[in-house]
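Heads up: the structure comes next, in structure tokens.
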Amino acid sequence: MKKSVTILGFAGSLRKTSYNKALLRAAMELAPKDAKLEIFDLEGIPPFNQDLEERMPDKVKEFKAKIRAADAILIATPEYNYSIPGVLKNAIDWASRPYGDNPFEGKPVAVMSASPGMLGGARAQYHLRQVFVFLSMHPLNRPEVIIPFADDKIDPRGRVTDEKTKEKIRELLKNLVDWARKLRGK
Ligand SMILES: Cc1cc2nc3c(=O)[nH]c(=O)nc-3n(C[C@H](O)[C@H](O)[C@H](O)COP(=O)(O)O)c2cc1C
């Protein structure tokens, strides 16, 4: 039997009723059987301070350990002011430090974004992909899961109700698992 692929997912929003957190919850249900998705909440990660990178906050240590243990990473993020939310960039900055101890190195990664607006967070996705270059990650190119008008596709209880959106998430997870297997050679 094939060894299962472990995926660590996190959202670039701390909002309780976040559309992007809803995408991650849907991904848990839509992941292939040979994959296991764990969600990590970025709540509680303090603002980055380079003076503290040799004695990191416990929450950051926990985050880094989970990234390191995962076969693949899944990020669901809103777009803030045409870019990456500070909460997400801050968490990535912490995890990537100190220099030379970057747990993202070589990991496959997939991105989703949702917005009530008409461009679905696409611009944040492309800024995030730029960050993956320095982190030396292997982003999945297709499908692009960009969910515009999210308030029509995610109900007030935070459940994805739109079938096309679910189908895209299912395809993303399948391709991420295949990509992770290809990169590790099994
Ligand atoms: C500071 C801020 C900036 C925002 N900028 C954008 C933006 O550039 N593009 C966009 O589509 N939505 C923007 N929005 C709206 C978000 O897409 C919306 O608040 C969304 O619900 C956030 O994602 P969440 O539901 O996962 O928390 C912005 C919201 C905030 C709070």
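The values are calculated or read from the model by the stated rules, or taken from the named source; none is laboratory data. What you see is a predicted model; the values in this text were computed from it and never measured. Backbone-built Cβ (ideal geometry, glycine too); neighbour counts: all protein chains shown.
For segment 134-152, a residue qualifies if it is more than 17 Å from ILE67 (Cα to Cα) and in a helix (DSSP H, G or I), and the qualifying residues are ALA150, ASP151, ASP152.
Applying the criterion of being assigned to a strand (DSSP E or B), within 11 Å of the ligand (Cβ to nearest atom) and aliphatic (A, V, I, L, M) to the residues of segment 78-125, the residue that is nearest to the chain's Cα centre (by Cα) is MET112.
Annotation: VAL133 fulfils all but one of (1) surrounded by fewer than 16 Cβ atoms within 10 Å (Cβ to Cβ); (2) within 10 Å of the ligand (Cβ to nearest atom); (3) under 24 Å from ILE45 (Cα atoms); (4) among the aliphatic types (A, V, I, L, M); the unmet one is (2).
At least 1 residues being within 13 Å of the ligand (Cβ to nearest atom) and touching a residue at least 12 places away in the same chain (Cβ under 8 Å) is the threshold, and among the strands (runs of 3 or more DSSP E) wholly inside segment 1-77 those reaching it are 5-11, 72-76. Only one of LEU23, LEU88 is buried (at least 22 other Cβ atoms within 10 Å of the Cβ), within 19 Å of VAL160 (Cα to Cα) and at pLDDT 95 or above; which? Matching residue, one of LEU23, LEU88: LEU23.
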